[in-house]
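*Asks:* Okay, here's the structure, questions in a sec.
The values are calculated or read from the model by the stated rules, or taken from the named source; none is laboratory data. Since the structure is predicted, the reported quantities are computational estimates derived from the model, not experimental observations. Cβ: placed from backbone, ideal geometry, glycine included. Neighbour counts: every protein chain shown. When the accessible area is computed, the model is the full protein with side chains, heavy atoms only, and any ligands, DNA or RNA have been set aside. Shrake-Rupley method; radii C 1.70, N 1.55, O 1.52, S 1.80 Å.
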Amino acid sequence: MKAKTNNTKKQGKTPLYKNPNAPIEERVKDLISRMTIEEKADQLCQDTIGVDPNPDNYSLDNPYCPTCGSVYQFMGGSRNRNKFQRQAVEETRLGIPLLWAIDVIHGWRTMFPVSLAQAASFNPSLTEKSQRIAARECWQDGGIDWCLGPMVEVGHDPRWGRNVEGYGEDPYTASCFAAAAVRGFQKDGRVAACVKHFVGYSACEGGRDYSYTEFSSRALREWYLPPFAAGVEAGAYTMMSSFNEWDGKPIPANRALLTDELRTRMGFSGFVVSDCGALHRMGNMGYTSDPIEQTSEALYAGNEMAMGDGLYRNIPEAVASGKLSMETVDEAVARVLRVKFKLGCFENPYAPELTREETCILPDADDLSLKFARETMVLLKNDNKLLPLDPAKVNSIAFIGPSADEIHPHLGQWRAAAEPTPEYGETLYGVAQKFFPKATLSFARGCAGWDYRPAPGDAEECEKAVEVAKSADIIMLCFGELPWMAGEIKSRRDICLPPAQRELIKALSALGKPIIGLCCSGRALAFQEELKSMDALLWLWQSGRRAPTAAMEILVGKVNPSGKLPITFPRSVGQIPIYYNCHGKITPEAHDYQDLQDEDGPWFPFGYGLAYSTYKYGKVNVKRVGKGLEASVTVKNAGKFAGKETIIWYLSDVEAKFTQPIRKVIAFEKVMLKAGETKEIILKIDPKRDLAYSLPNGIQILEPGKFILSASLQSEADFWYEE
Ligand code: BGC
């Protein structure tokens, strides 16, 4: 497509929309008044350059930039990006700059922990700081000014691969992280966040990606909407609608959700982009396949931009047919332009073109990636206080397993500009000597492949590993999932360990040596049987470029582990879905399953995580203060190590007019406690926010009655609330 020449310049007088001092609303109005219907349609399309074989793809060598509102998945570097941007700004009639979008989920150059691991830190301030750095890096390094994140969906099924991109199963925790991520991305003003995927995509049946979703209004409000509302409140400029459906309508064409819920109820003022190709795929759901109808329905519903299918180029025809009104089109264009004006795209359309040296990882980013990783890891087992190890007493360690000497298990799936090279990451075996200076270290991979499919050579690798392990005092078992075993279209029908790893663990266990498990994973896994062979288990997730150093610091006691599970770990797939804020069972005394009688309940519950200290909780007290309530509890670090403890406040509404979950998190706070130190933790309860609940129609109600407040399930108090 040939770019058109810039007529506005030739008119002599600078048009109002180009005046940076004019109010945004006037600029938007002025610009829309000058646009043809084709230009409006272009503005609502998001295309690609250099990736994807989709219909609107342009190659990097193409001399012309697509005329569109935004380009996504562009990895061609700032210089190329500016080349295309220059065409949009200087060679089109109206000179409207493009937005450059890409999935920035947990870092750009500096890989931070994946979102699920971030949630395990229960420290959203680290998310805010890391997303601010990610925004700085993607703008300076790639000219990206629209981050397609955070993904804030609450997930209940670990088979679904995309849980790794979200902040766990708890709506409140996910909301805190969603808001922190939005604040971080948008803090410096030149990058927009995109909260996704609105809404309920994680409810896909059986964890099968992109499959049918069935959820009630009640589930919508109790689980799925809160993190999006938090993103709106934090000022997110954009949202992404999801692929799935609700109540008989695909989400991108679901006005009840995109307009009534998102705009009217939540007050979202930005714009919504559809997910990749979602609009033209609506026909696969038994919905209309007619492009004119798809265009009209989606725009009317409140889906302003179309990603990757060029569908909105049908706008002129849709308007001519009478199926779509010009007001709807103008409203959509206004929303997109408003964001461009707010970001300063018109005044500052070009990204810096830095040299390779200038785009190195800066010390603050490196520091933060280490600090963050220290707080994400979860100690799940520590028999006989094997950990922390005293390096002076360790003579030899065998690092065994497929993730022992690899960088990518720590980097996660959406690694943007980072590669699995020493510049971007570390390995466990590679950093270990620094922490165990006197010990002899050895390494063996233990299996040929990683996957759940056995690979040729697995048995030989296993034998070699056993030989290596024989001569060591301690075995560091480095196992779990590779990043590409979780993520989009990475659902699994089972969540057990790959067969080669199971065989390896069995063989190592026969040696009778202490085994410390270091598990990399982007989801909950279930391996009760194999855990019996391990004396300790530290869950590393995929905690970013400095994860190996953080893990070693924990192993030697330089850092006291403080991560807690943001998701429930089932014992096996048969227990899915299993999550902490479930609704009460009619007969709590009955076993869940007749073939699981001794083991009701999860393998590891939400909020679980050991430390090298024991934290002792005093009695929870609740008192009335003005119109609200105030709770307090003392927490003592009764151990010998300083450490951070997260106090998770759970509320149970004992009797209500609508059935209630057994408990739900209403707040959490992470505090540092020196050895022997006691702190009083205060929780201010705002009844309208914390004690109320949503009716299926969205109305919040606050009922007087009895409640139970628990601090980390260690101590609790009953209280009555009356207005
Ligand atoms: C994913 C989105 C992503 C988009 C662009 C889609 O397939 O579902 O999360 O933002 O691709 O990469």
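*Asks:* Just name the residue that is farthest from the ligand (Cβ to nearest atom) out of those in the stretch 95-133 that are touching a strand residue (DSSP E or B) at 6+ places or on another chain (Cβ under 7 Å) and within 24 Å of Gly69 (Cβ to Cβ).
*Replies:* Filtering first and then ranking leaves Leu98.
*Asks:* Considering only the stretch 617-631, state which residues are of a type outside the set (A, V, I, L, M), more than 34 Å from the chain's Cα centre (by Cα) and assigned to a strand (DSSP E or B).
*Replies:* Across the stretch 617-631, the qualifying residues are Asn621, Lys623, Arg624.
*Asks:* Would you confirm whether any residue within the stretch 74-91 is among the hydrophobic types (A, V, I, L, M, F, W, C), in a loop (DSSP other than H, G, I, E, B) and open to solvent by 10 Å² or more (accessible area, probe 1.4 Å)?
*Replies:* Yes, some residue in the stretch 74-91 is among the hydrophobic types (A, V, I, L, M, F, W, C), in a loop (DSSP other than H, G, I, E, B) and open to solvent by 10 Å² or more (accessible area, probe 1.4 Å).
*Asks:* If you don't mind, another one. List the helices (runs of 4 or more DSSP H) inside the stretch 380-487, counting only whole elements, that have at least 3 residues being open to solvent by less than 60 Å² (accessible area, probe 1.4 Å) and closer than 25 Å to Thr568 by Cα.
*Replies:* 408-411
*Asks:* Among the numbered criteria (1) closer than 15 Å to Ser694 by Cα; (2) without any contact (Cβ under 8 Å) to a residue 60 or more places away in the chain, which one does Tyr224 miss?
*Replies:* (2)
*Asks:* If you don't mind, another one. Please enumerate the residues belonging to the stretch 160-208 that are surrounded by fewer than 24 Cβ atoms within 10 Å (Cβ to Cβ), at positive phi and assigned to a helix (DSSP H, G or I).
*Replies:* Gly206
*Asks:* Given (1) more than 20 Å from the chain's Cα centre (by Cα); (2) under 18 Å from Trp160 (Cβ atoms); (3) within 16 Å of the ligand (Cβ to nearest atom), identify the lone condition not met by Gly206.
*Replies:* (3)
*Asks:* Kindly establish whether Thr288 is of a type in the set (S, T, N, Q), touching a Phe, Trp or Tyr at 6+ places or on another chain (Cβ under 6 Å) and more than 16 Å from the ligand (Cβ to nearest atom).
*Replies:* no
*Asks:* If you don't mind, another one. Would you confirm whether any residue within the stretch 655-670 is modelled with pLDDT under 95, open to solvent by 70 Å² or more (accessible area, probe 1.4 Å), assigned by TED's automatic domain parsing to the domain that holds Glu716 and in contact with an Asp or Glu (Cβ under 7 Å, 6 or more places away or on another chain)?
*Replies:* yes
*Asks:* Further question on the same structure: Name the single residue, out of those in the stretch 146-159 being within 15 Å of the ligand (Cβ to nearest atom) and farther than 12 Å from Gly200 by Cα, that is surrounded by the fewest Cβ atoms within 10 Å (Cβ to Cβ).
*Replies:* Within the stretch 146-159, the match that is surrounded by the fewest Cβ atoms within 10 Å (Cβ to Cβ) is Gly149.
*Asks:* Given the conditions (1) away from the ligand (no atom under 15 Å from the Cβ); (2) open to solvent by 10 Å² or more (accessible area, probe 1.4 Å); (3) more than 19 Å from Tyr237 (Cβ to Cβ), which single one is not true for Ser269?
*Replies:* Just one mismatch for Ser269, condition (3).
*Asks:* Condition first: open to solvent by 30 Å² or more (accessible area, probe 1.4 Å) and over 17 Å from Ala536 (Cα atoms). Now tell me which residues in the stretch 491-506 satisfy that.
*Replies:* Ser491, Arg493, Asp494, Cys496, Pro499, Glu503
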